[in-house]
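See below for the structure under consideration.
The values are calculated or read from the model by the stated rules, or taken from the named source; none is laboratory data. Here the structure is a predicted model, which is why all the values come from computation and not from measurement. Heads up, the Cβs are rebuilt from the backbone with ideal geometry, glycines too, and the neighbour counts pull from every protein chain shown. Ligands, DNA and RNA are excluded from the accessible area calculation, which covers all protein heavy atoms including side chains. Shrake-Rupley method; radii C 1.70, N 1.55, O 1.52, S 1.80 Å.
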Amino acid sequence: MLAKLETRRSVPMRAFDPMPIPAEHLERILKIAARSPDHGRLAPWRFIVIEGEARQLSGERFDALYAARNPGLAPAKGDMWTLYMMRAPVTIVVVSRPDPTSRIPEWDQILGSGAVGMNLILAASAHGYATQWLLKWPGRDPEAAAILGVQAGERVAGFIHLGRQTERPADRARPDLDAIVTHWTG
């Protein structure tokens, strides 16, 4: 486990093999992700799984909306969101859905979306899969997110792209602990 954590690396979108993820692996990854810390046991998040033909369909709908909003869009960019959605065999959209009526602070609930996303990434890594967590235009734009069923009061925390990697990128520079860690002594 420690070795996996010390070497986990996000993989560029171009580095995913198109081979599908077995359903039993995906189900186990989602079950593990859902075991993340959850103040108040609210599950203030949910998952939208996009795989198979749904990748193409979601990308085409994103492209149509994007083109409608950008009438001068270069023809070469007409299918950019379809290509984006097709790069990984599975995309799991983590949706934050805090309950405003709960006594649990909204911030705690929002942080839960990050925890569930990281648990998902670690579970995928433990299965030998690579991931890339991104939040691009389709997740930031409410109308684009609504294409996937994101509702009022919900926000996309991220698109976690999942698959087998075809290349291992070099590690990136990591933060210097001396620059980010302080020890409070009173």
Of all residues in region 63-109 being of a type in the set (Lys, Arg) and more than 19 Å from residue 133 (Cα to Cα), the one that is farthest from the chain's Cα centre (by Cα): 103
Considering only region 66-77, state which residues are within 19 Å of residue 146 (Cα to Cα) and surrounded by fewer than 13 Cβ atoms within 10 Å (Cβ to Cβ). 68, 69, 70
Just a yes or no: is a residue in region 86-93 closer than 24 Å to residue 34 by Cα and open to solvent by 10 Å² or more (accessible area, probe 1.4 Å)? no
Just wondering, is there one or more residues in region 103-119 that are open to solvent by 50 Å² or more (accessible area, probe 1.4 Å), under 26 Å from residue 59 (Cα atoms) and in contact with a strand residue (DSSP E or B) (Cβ under 8 Å, 6 or more places away or on another chain)? no
Those helices (runs of 4 or more DSSP H) completely within region 85-186 that have 3 or more residues that are among the acidic types (Asp, Glu) are none
Region 106-127 residues that are under 23 Å from residue 165 (Cβ atoms), paired with ones that are among the basic types (Lys, Arg) (beta carbon under 6 Å, 6 or more apart): 125/4; 125/8
Hey, residue 81 in contact with a Ser or Thr (Cβ under 6 Å, 6 or more places away or on another chain), modelled with pLDDT of 95 or more and either over 30 Å from residue 5 (Cα atoms) or buried (at least 17 other Cβ atoms within 10 Å of the Cβ) (or both) or not: no
What are the pairs, 6+ residues apart or on separate chains, where a residue within region 135-150 that is of a type in the set (Val, Ile, Thr) and crowded, with 17+ Cβ neighbours inside 10 Å has its Cβ under 7 Å from a residue that is modelled with pLDDT of 95 or more and not in a loop (DSSP other than H, G, I, E, B)? 150/95; 150/156
Return the residues of region 44-62 that are in contact (Cβ under 8 Å) with a residue 12 or more places away in the chain and of a type in the set (A, V, I, L, M); say none if nothing qualifies. 48, 49, 50
Quick one: would you say residue 63 is in contact with a Gly (Cβ under 7 Å, 6 or more places away or on another chain), modelled with pLDDT under 95 and open to solvent by less than 50 Å² (accessible area, probe 1.4 Å)? no
Please enumerate the residues belonging to region 20-41 that are part of a loop (DSSP other than H, G, I, E, B) and either open to solvent by less than 60 Å² (accessible area, probe 1.4 Å) or at pLDDT 95 or above (or both). 20, 21, 22, 34, 35, 36, 38, 40
